[in-house]
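K.L.:
Below are the structure tokens for one structure; questions will follow.
The values are calculated or read from the model by the stated rules, or taken from the named source; none is laboratory data. Keep in mind that this is a model prediction, so the values were computed, not measured. Backbone-built Cβ (ideal geometry, glycine too); neighbour counts: all protein chains shown.
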Amino acid sequence: MKITETKLKGCFIIEPRLFQDERGYFFESFNKNQFKEAIGEEVNFVQDNQSLSKRGAVRALHYQVGVYAQAKLVRVLQGKVLDVAVDIRKDSATFGEHVVLELSAENKKQLFIPRGFAHGFVALSETAEFFYKCDNFYNKEAEGGIIYNDKTLNIDWQIPGSEVVLSEKDRQLPSFKEAILKFD
């Protein structure tokens, strides 16, 4: 397993070692010991989530605050997405910066997103099945979000605006500047 830190401290790209033969393939998608050694801390995942999205569906940019903040380990089981992590840690040298990574069933890459980040993705294939582990349980009162097309963040979602599909809830999300007033 190859684990590489991104430009955002604590955010890591994980690439599994793939074993292929005439039967198909095998890979280890998570190893607690290797993960802990690579990122330098123990993460206790307590909840797994899975979603299916059609092309153009943007699920972004979500986070939880305070004691309910969540670290996530994300990957794609089927299809392809553009995954985005935004550093919302006010005391971070990379506050307000983001990383984007294409995750697909084909490349089998994963992204570890520590607590203190907003996260989202857009489905680039006809459908995409997305899976993620969380180190804290969902809490509705602690949730927040930032509108996906925020001008301050200026994220290139690599899909035309005319193809974007948003939930009603995500259409109502505030700008980054409005949301930062609630970060802790």
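K.L.:
Would region 64-71 turn up any residue that is under 23 Å from Thr4 (Cβ atoms) and either touching a strand residue (DSSP E or B) at 6+ places or on another chain (Cβ under 6 Å) or among the aliphatic types (A, V, I, L, M) (or both)?
P.N.:
Yes, region 64-71 contains at least one residue that is under 23 Å from Thr4 (Cβ atoms) and either touching a strand residue (DSSP E or B) at 6+ places or on another chain (Cβ under 6 Å) or among the aliphatic types (A, V, I, L, M) (or both).
K.L.:
Mind checking whether some residue in region 120-127 is closer than 15 Å to Arg59 by Cβ and surrounded by fewer than 19 Cβ atoms within 10 Å (Cβ to Cβ)?
P.N.:
Yes, region 120-127 has at least one match.
K.L.:
What residue, of Asp150, Asp87, is closer than 20 Å to Lys9 by Cα, buried (at least 16 other Cβ atoms within 10 Å of the Cβ) and of a type outside the set (A, V, I, L, M, F, W, C)?
P.N.:
Asp87 is the lone residue from the list that is closer than 20 Å to Lys9 by Cα, buried (at least 16 other Cβ atoms within 10 Å of the Cβ) and of a type outside the set (A, V, I, L, M, F, W, C).
K.L.:
Now a separate question. Could you identify the single residue in Ala93, Ala118, Ala60 that is over 28 Å from Gln20 (Cβ atoms), modelled with pLDDT of 95 or more and assigned to a strand (DSSP E or B)?
P.N.:
Ala118
K.L.:
For region 14-48, which positions are exposed (fewer than 13 other Cβ atoms within 10 Å of the Cβ) and either within 17 Å of Arg115 (Cβ to Cβ) or under 17 Å from the mean Cα position of the chain (by Cα) (or both)?
P.N.:
Lys36, Gly40, Glu41, Glu42, Asn44, Val46, Asp48, listed by residue number.
K.L.:
Hey, among the residues in region 123-152 that are touching a helix residue (DSSP H, G or I) at 6+ places or on another chain (Cβ under 9 Å) and β-branched (Val, Ile, Thr), which one's farthest from Asp87 (Cα to Cα)?
P.N.:
Per the criteria, the residue is Ile147.
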